[in-house]
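Computed from the coordinates by the stated procedures, all read-outs in this text should not be read as laboratory data. Computed from a predicted structure; not experimentally measured. No Cβ is skipped: glycine too gets one built from the backbone with ideal geometry, and neighbour counts run over all protein chains shown.
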Amino acid sequence: MFVVAISGPPGAGKGTQSKFLIEEFDFKYISTGEALRKEIKSGSELGKHIQLIIDKGNLVSDEIVTDIVKSVVKENMENNSIGILFDGYPRTVSQAITLDNVMKENGIHFVGMIWLEVNDEILIKRILKRGETSGRHDDNEESVKCRLNEYYAKTQPIADYYKKQSKYFAINGEGELADIYASICTTIKKHL
């Protein structure tokens with residue numbers, strides 16, 4: 001089994017590109033954001049706690065996300081999955097270290113971090129447009145700015161972490177969808 005992570009700022013197109021990659025590589029798709037939203041929808045106490053955090057534009061704690069990731073990796077190993085695509089995980093250096101440890105413990109090949117780079121002005125426009133149709137409460141201007149600040153403070157440092165391991169692959173996320181997708185596929189195939 002192998003694992004690829006796709007990251008970048010909110011609105012960079014991680015979910016859109018992930019849909020294409022699932023088809024190409026037969027990945028098991030894991031969006032920690034979707035997993036968290038599923039927990040919120042369940043109405044559990046944890047879900048209510050997560051909702052409060054997200055509504056403020058903050059990131060959910062490493063502990064909560066790590067438990068979800070460990071469970072997903074174990075489940076997919078038992079189901080003999082070929083590969084896993086993590087969308088939006090890891091989000092902090094601490095989570096990246098945890099992911100590395102989980103991969104090593106289970107003998108899984110971590111291909112690397114695909115990083116979609118997009119200008120902030122474009123990101124804000126994309127997210128506000130998505131908010132008009134998505135029904136997501138966190139797709140508003142105030143929350144977007146807070147999420148971008150969180151991203152630069154907590155997630156951006158992961159780039160340096162993976163660069164040191166030669167597992168960081170920057171992709172321009174501002175072009176045509178097909179061109180972005182082709183660049184991602186080429187990168188993954190080169191490092192499998």
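By the beta-carbon count within 10 Å of each Cβ, the least crowded to most crowded order of S44, S31, fewest first, is S44, S31.
Here the Karplus curve 6.51 cos²θ - 1.76 cosθ + 1.60, taken at θ = phi - 60°, turns the phi angles of region 45-57 into couplings of 4, 4, x, 5, 5, 4, 4, 4, 5, 5, 4, 7, x Hz, with x standing for Gly and Pro. Distances between every pair of Cα atoms in the chain, grouped in 5 Å steps from 0 to the bin holding the largest one, split as 1, 7, 16, 21, 22, 17, 11, 4, 0 percent. Taking Cβ atoms as reference points and 13 Å as the exclusive limit, the residues near H49 contribute a net charge of -2, counting Lys and Arg as +1 and Asp and Glu as -1.
To the nearest 20 debye, what charge dipole does the chain have about its Cα centre, counting +1 at the Cβ of each Lys and Arg and -1 at the Cβ of each Asp and Glu?
Computed about the Cα centre, the dipole is about 180 debye.
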